[in-house]
């Protein structure tokens with residue numbers, strides 16, 4: 001095994017496991033030790049701290065900016081447009097059954113870099129054949145870096161082209177070499193917020209027609225999953241859908 005740049009003990013790993021579980025609900029398996037080292041070693045370099053023990057002491061003294069960087073380093077943000085496409089077909093069918101006189105309220109609760117939230121918005125616009133029907137989507141994540149990417153709405157050309165020429169032209173505009181940007185009228189459907197799913201309450205002002213919380217529950221233990229689901233339930237309309 002290559003010698004590590006920084007000493008990293010089992011106790012350091014156990015401390016990190018406890019901190020990320022307490023703050024973000026994420027359960028780290030033993031197999032994640034090397035991943036944790038590689039991601040947090042970047043934070044030691046960035047802060048100039050020489051050991052993991054010193055870094056963890058620094059972190060626990062309450063440095064808010066570093067807490068945010070710590071969480072950002074350990075969260076996983078793999079996503080794509082219309083991932084698990086059958087869910088969006090179900091969403092479209094659900095939207096057609098709703099009261100057409102009322103605004104649509106949706107929540108993308110782990111939006112990562114935004115592909116899922118924009119896929120929800122595209123689904124709604126296509127379902128109602130235009131932007132006239134009011135659709136309000138809250139898109140949230142704990143990771144502030146990916147939220148900034150989502151809010152910017154700028155994606156690589158190859159990711160957008162996978163949507164097909166018709167969708168790419170209708171919902172995006174070229175934005176420099178190799179990139180497309182979401183059209184403003186689609187962006188206006190979405191409000192981006194930083195929300196921790198471990199919070200006791202969620203800042204959601206309206207009853208919801210659907211909640212997307214996909215590909216995130218797998219990082220939580222059973223008790224944390226149950227706690228989150230208990231908080232989701234009263235936010236949904238009687239016939240609202242949960243995608244998890």
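A few points about this structure:
- On Cα atoms only, tilt of 85-97 relative to the major axis of the chain in degrees: 50
- Beta bridge orientation in the chain: antiparallel %, DSSP, nearest 5: 30
- Whole-number percent relative contact order across the chain, with pairs defined as alpha carbons under 8 Å at least 6 apart: 20
- Whole-number percent relative contact order across region 10-74, with pairs defined as alpha carbons under 8 Å at least 6 apart: 36
- In degrees, nearest ten, helix 64-74 long axis to first principal axis of the chain (Cα): 80
- Estimated inter-spin distance, residue 67 and residue 218, nm [label 7 Å along Cα→Cβ]: 2.9
- Highest-MSF residue in the chain out of 76, 47, 157 [GNM, Cα springs under 10 Å]: 47
- Within region 87-215, percent of DSSP bridges classed antiparallel, to nearest 5: 30
- Panel order for 217, 120, by other beta carbons found within 10 Å of each beta carbon, from fewest to most: 217, 120.
- Averaging the sequence gap over all C-alpha pairs within less than 8 Å and six or more residues apart, then dividing by the number of residues, gives region 87-167 a relative contact order of 36 percent.
- Ascending count of other beta-carbon atoms within 10 Å, so fewest first, for 118, 180: 180, 118
- Averaging 1/r over each pair of different alpha-carbon atoms in region 1-83 and inverting the result gives 13.5 Å, the Kirkwood hydrodynamic radius.
- Nearest-ten-degree value, helix 33-47 long axis tilted from longest Cα axis of the chain: 80
- Result for the chain in a Gaussian network model with C-alpha springs under 10 Å: among 24, 53, 165, the largest mean-square fluctuation is at 165.
- Fewest-first ranking of 51, 9, 149, using other Cβ atoms within 10 Å as the exposure measure: 9, 51, 149
- For the residues 186, 59, 74, a GNM of the chain with alpha-carbon springs under 10 Å puts the largest fluctuation on 59.
Each value in this text was obtained by applying a stated rule to the coordinates, not by laboratory testing. Just so it is clear, the structure is predicted and the values come from calculations on it, not from any experiment. Note that we place each Cβ from the backbone using ideal geometry, even for glycine, and neighbour counts take in every protein chain shown.
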